[in-house]
Amino acid sequence: MGLEVFWFCLIGVLWGGYFLLEGFDFGVGMLLPLLGRKESDRKTMFETIGPVWDGNEVWLVVAGAATFAAFPVWYATMFSGFYLALVIVLLLLIVRVVSFEWRERSENPRWRASWQWANTVGSIGAPFVWGVALANLIYGVPLNGDGGYAGDFLDLFSAYTVFAGVVVVFLFALHGATFLTIRATGSLREHAGTLARRLAIPVAVLAAGLLAWTVAVAHDHNKRGVLPPAIPAAITLGTLLLAVAFVLARRHGWAFAMTALAAVGVVATIFTGLYPRVLVSDPTFANSLTISNAASSHYALKVMTIVAAIFTPLVLLYQAWTYYVLRRRLGGATG
């Protein structure tokens, strides 16, 4: 495996980690209006994600930094062509981040409700934009002969990319519900389990549709064989079916594990279908950015690999330790 391929795979892993970890705290934010029936429940929901959301965001930061360093042409094209979309998602993330701190600045119900809705809007909007953005990598955007973006903001929206954004939102909502079943107690846990059972089958159907559509898009837009992207798609479908079974059986820990794997599987299917390109050009396929023509020099990739080999395990150990320390369930009301 060449270093270009290694870094392409590593960036896919980073996006998978971001979907796995940030997915459940986005999901909790989405569910605030549905499950936060009492102030004590809303407080518990914020407390389940309050200590970890910023650590989860690190995966996004590292994915962006790795793209910039390993594939500067890919980074430049994405951040110019997707500029307005990235500004929108940045604003949504800022509003969401602020809501964690500012909600506690006053006991006024209207003040708290406003920041609760700010968190919910950010938690829905950001995953939708990320789903649209990742889907565009494989669906294709207009690129010129120099690899620059040649379209406008509306070119980012098609039936497939919008559907991908919607599916990511619903998948994260289910992921957040299963997370609350293992982190909360009392009535909040019961309500989260009930909502998870209502969401499980519809989300599995929607995600199965996205997986099948992604395989078709990889074949039609990226000239990929059906088998390579079909393998992670089939595995992801299996995890979704297991998630449904565990949710309905009230096996909460296993249900959360399966929704986590499903979130990673969606990213794996997109990246497998995208290889060996990093950004498909449509309608002029010849202008697509590939792993080879978008990568940094071999020396730069070699230095980056050494640094990553040293520090990545340390970061993973630290985050695992954080979750271990914060493993205690929250809440206590049973009514």
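The values are calculated or read from the model by the stated rules, or taken from the named source; none is laboratory data. The structure presented is a predicted model; accordingly, all values stated were derived computationally and were not measured. Cβ sites come from the backbone with ideal geometry, for glycine too, and all protein chains shown count toward neighbours. Note: accessible area is taken over every heavy atom of the protein model, side chains too, but ligands, DNA and RNA are not part of it. Shrake-Rupley method; radii C 1.70, N 1.55, O 1.52, S 1.80 Å.
What is the pair-distance distribution P(r) of the chain, computed from all Cα-Cα distances in 20 Å bins starting at 0, with each bin given as a whole percent? All Cα pairs, binned at 20 Å, distribute as 31, 57, 12, 0 percent. For segment 232-335, the Kirkwood radius over C-alpha pairs fed into Stokes-Einstein at 25 °C and 0.890 mPa s yields D = 137 µm² per second. The mean sequence distance of close C-alpha pairs (under 8 Å, at least 6 residues apart), as a share of the length of the chain, puts its relative contact order at 25 percent. One decimal place: the segment R329-E104 gains 78.9 nm when fully extended, by the rule 0.36 nm per residue minus the C-alpha distance. Taking trypsin sites (Lys or Arg not before Pro) across segment 164-258, the ones in a DSSP loop with at most 12 further Cβ atoms lying within 10 angstrom of their Cβ are K223, R250. One decimal place: the segment C9-L241 gains 80.9 nm when fully extended, by the rule 0.36 nm per residue minus the C-alpha distance.
With a simple spin-label model that places each label point 7 Å from the Cα along the Cα-to-Cβ direction, the separation between T322 and S40 comes to 3.0 nm. If you plug the beta carbon distance of T194 and S114 into 1/(1 + (r/R0)^6) with R0 = 22 Å, you get a FRET efficiency near 0.20. The distance separating the Cα centre of segment 149-227 from that of segment 115-132 comes to 14 Å. The calculated FRET efficiency for the pair V121 and E47, based on their C-beta separation and a Förster distance of 35 Å, comes to about 0.95.
Extension gain for the segment F68 to V226, taken as residue separation times 0.36 nm less the Cα-Cα distance, is 53.9 nm to one decimal. 7 Å from Cα along Cα→Cβ at both A234 and V166: what's the point-to-point distance in nm? Each label point is offset 7 Å from its Cα along the Cβ direction, giving 2.8 nm. Kindly point out which whole DSSP H helices in the chain project their C-alpha atoms 20 angstrom or further along the helix axis while averaging a Kyte-Doolittle hydropathy of -0.5 or above. Helix filter hits for the chain: 3-30, 53-70, 83-102, 109-139, 159-183, 186-222, 227-248, 252-274, 298-325.
Per residue, the chain reaches -26500 deg cm²/dmol at 222 nm when only DSSP H runs of four or more residues are counted, each adding -39500 (n - 2.57). Under the combined filter of DSSP loop state and at most 14 neighbouring Cβ atoms within 10 Å, segment 152-204 retains these chymotrypsin sites (Phe, Trp or Tyr not before Pro): F157. Solvent-accessible area per residue in the chain equals 44 Å², computed with a 1.4 angstrom probe and all protein chains kept. Accessible surface of the chain, 1.4 Å probe: 70 percent of it comes from carbon and sulfur atoms.
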